[in-house]
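Input: one structure, supplied below.
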Amino acid sequence: MGGDRRARRGLPWGAKDELKETLGEALGFSGERSESQRLGVATFHLQFAVVRELLSAGVSVIVEGNFRLPDWFETLPPAHITQVHVSADPAVLRERLLTRDTPRHPVHYELDAADKIAARAARGAGPALPHGGTLARVDTT
């Protein structure tokens, strides 16, 4: 998982999108949005199962995803969590989703949902999660 990103950091890198794409290919993704959403939930289950195993073995790990539920982190063994909360102005976010220069895997539907994603961001969706660790905020606007 994580290709060259892992080598640059020297730690296992668990990227949600890469896991979702791998699962979509292995399971024969049909292209339905509801299937993508179900696949996303399954991906989080898999991602956190792997993270639990690594942390239980004393291995530090970097995980990436659009985490919305703090409950996922409550299932992990004791660890110091550093959250990097990345945000952008909703209009900038929408524009980025619509003008990506690299085509996304079919399991993702951000292009179709760019307006909804930007509207959720404008309403404050996607705040930093309360987990008791270190929080670094990065505004990429």
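The values are calculated or read from the model by the stated rules, or taken from the named source; none is laboratory data. If you're wondering where the values come from, they're calculated on a predicted model, not measured in any experiment. Neighbour counts are summed over all protein chains in view; Cβ atoms, including those assigned to glycine, are modelled from backbone coordinates with ideal geometry. Each accessible area value is taken on the protein alone, full model and side chains, heavy atoms only, with ligands, DNA and RNA left out. Shrake-Rupley method; radii C 1.70, N 1.55, O 1.52, S 1.80 Å.
Answer with one residue from 43, 12, 86: the one whose Cα lies farthest towards the positive end of the charge dipole of the stretch 9-86, charges on Cβ with Lys, Arg +1 and Asp, Glu -1.
86
In addition: Report in % the part of the accessible area of the stretch 76-141 that belongs to carbon and sulfur, leaving out ligands and nucleic acids; probe 1.4 Å.
On the stretch 76-141, the fraction of accessible area on carbon and sulfur atoms equals 56 percent.
Obtain the nm distance between the two label points defined at residue 89 and residue 52 by a simple spin-label model: each point lies 7 Å from its Cα along the Cα-to-C-beta direction.
Between residue 89 and residue 52, the label points sit 4.2 nm apart.
Relative contact order for the chain: what is it in percent, counting Cα pairs under 8 Å that are at least 6 residues apart?
28
Scan the chain and note any complete DSSP helix (H) whose C-alpha atoms cover at least 15 Å along its axis and whose Kyte-Doolittle average is 1.6 or more. Intermediate values should be presented prior to the final figure.
Details: long enough: 16-27 (16 Å, -0.81); 33-56 (34 Å, 0.12); 110-122 (17 Å, 0.02).
Once both thresholds are applied, nothing remains.
Hey, another quick one. What ³J(HN,Hα) values, in whole Hz, does the Karplus curve 6.51 cos²θ - 1.76 cosθ + 1.60 give for the stretch 123-130 when θ = phi - 60°, with x put for Gly and Pro?
Once rounded to whole Hz, the list reads 7, x, 5, x, x, 4, 7, x.
I've got another one for you. Assuming R0 = 22 Å, what is the FRET efficiency of residue 42 and residue 113, from their Cβ-Cβ distance, to the nearest 0.05?
0.70
With only Lys, Arg, Asp and Glu charged, each at its Cβ (+1 for the first two, -1 for the last two), find how big the charge dipole of the chain is about the Cα centre; round to the nearest 20 debye.
240
Note the listed values [x] 12.3; [y] 9.7; [z] 9.0, then indicate which one is mean projected area of the Cα convex hull in nm² calculated from this particular structure.
Step by step, mean projected area of the Cα convex hull in nm² for this structure corresponds to label [z].
Pairs of Cα atoms under 8 Å, at least six residues apart: use those to get the relative contact order of the stretch 85-141, whole percent.
This gives 63 percent for the stretch 85-141.
Let me ask something else about it. Collect residues whose amide H, placed 1.01 Å from N in the peptide plane, falls under 5 Å from the amide H of residue 63; neighbours closer than 5 in sequence don't count.
Distant-sequence amide H within range of residue 63: 14.
Further, regarding this structure: Using a 10 Å Cβ count of at most 16 others and DSSP loop calls, identify the longest part of the chain lacking such trypsin sites (Lys or Arg not before Pro).
Here the longest run is 1-67.
Taking only protein heavy atoms into account and a 1.4 Å probe, give the accessible area per residue of the chain in Å².
64
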